[in-house]
Amino acid sequence: MSDEILIIYGTETGNAEDLADDIGNMASKYGLVGKVMDMEDVSAEDLASSKRLIVSVSTWGEGEQPDNAQGLYDEVEESEGGSMEGVNYAVLALGDTAFELFCESGKEWDKILEEKGGTRVNKRIDCDTDYYDYVEEWIESTLNIMQDV
């Protein structure tokens, strides 16, 4: 589908999933069809064939990927250089400034997607525990950009 946007989430507590669902629900206001998926149910090939991608991911423990995100992250990391060419992406990172490696998972996703040839369309947002105060503006601006790619 040419107007589809893939929204994937990696989470331990459900916050990144809730935000992915919010993004999926808001997508229609921008003429997009949101497809929200657990990272466990997605392959690197699925990402590579997506024209639009939003990654909603939380950081777990001392900077680790959530359990449901690790496999996909490893698969993308091992994929060929240039495998994400044509993928327009943005990363929503969740974390807690009480930990040393704040939003590390999101930073890793942002970096690996760019390294593999993806095009960042909006700068990554690194959200602390009070993200409800400011995340909606980022979601709206990202979806606004995505509708034109």
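The values are calculated or read from the model by the stated rules, or taken from the named source; none is laboratory data. Since the model is a prediction, treat every value here as computed from it, not as a measurement. Note: ideal-geometry Cβ built from the backbone for every residue, glycine included; neighbour counts use all protein chains shown.
Assess whether GLU62 counts as being surrounded by fewer than 19 Cβ atoms within 10 Å (Cβ to Cβ), at pLDDT 95 or above, more than 19 Å from THR142 (Cβ to Cβ) and not polar (S, T, N, Q).
So GLU62 fails the test.
Step by step: first the residues of the stretch 1-23, then only those that are more than 20 Å from LEU72 (Cα to Cα) and not β-branched (Val, Ile, Thr), then the one that is surrounded by the fewest Cβ atoms within 10 Å (Cβ to Cβ). Which residue is that?
SER2
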*asked:* Just to be sure I understand the filter: pairs with C-beta atoms under 6 Å, separated by 6 or more residues or on different chains, first member in the stretch 121-149 and closer than 20 Å to LYS107 by Cα, second member exposed (fewer than 14 other Cβ atoms within 10 Å of the Cβ). Which pairs pass?
replied: ASP128/THR97; THR129/ASP96
*Of the conditions (1) touching a strand residue (DSSP E or B) at 6+ places or on another chain (Cβ under 7 Å); (2) charged (D, E, K, R); (3) surrounded by fewer than 22 Cβ atoms within 10 Å (Cβ to Cβ); (4) closer than 18 Å to ILE5 by Cα, ASP126 clears all except one; give me its number.*
(4)
*Boolean, GLY10 is closer than 18 Å to ASN122 by Cβ and either touching a residue at least 40 places away in the same chain (Cβ under 8 Å) or in contact with a strand residue (DSSP E or B) (Cβ under 8 Å, 6 or more places away or on another chain) (or both)*: no
*Qualifying positions in the stretch 113-123 - surrounded by 16 or more Cβ atoms within 10 Å (Cβ to Cβ) and not in a loop (DSSP other than H, G, I, E, B)*: LEU113
*Under the condition of being under 22 Å from ALA27 (Cβ atoms) and of a type in the set (Val, Ile, Thr), which residue from the stretch 65-105 is surrounded by the most Cβ atoms within 10 Å (Cβ to Cβ)?*
VAL91
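Going by what's in this entry, would THR142 be described as surrounded by fewer than 18 Cβ atoms within 10 Å (Cβ to Cβ), polar (S, T, N, Q) and under 21 Å from SER49 (Cβ atoms)? Give the derivation first.
Numbers: surrounded by fewer than 18 Cβ atoms within 10 Å (Cβ to Cβ): no; polar (S, T, N, Q): yes; under 21 Å from SER49 (Cβ atoms): yes.
Spelling it out, it is not the case that THR142 is surrounded by fewer than 18 Cβ atoms within 10 Å (Cβ to Cβ), polar (S, T, N, Q) and under 21 Å from SER49 (Cβ atoms).
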*asked:* Looking for something touching a helix residue (DSSP H, G or I) at 6+ places or on another chain (Cβ under 6 Å) and modelled with pLDDT of 95 or more - is there at least one such residue anywhere in the stretch 94-109?
replied: yes
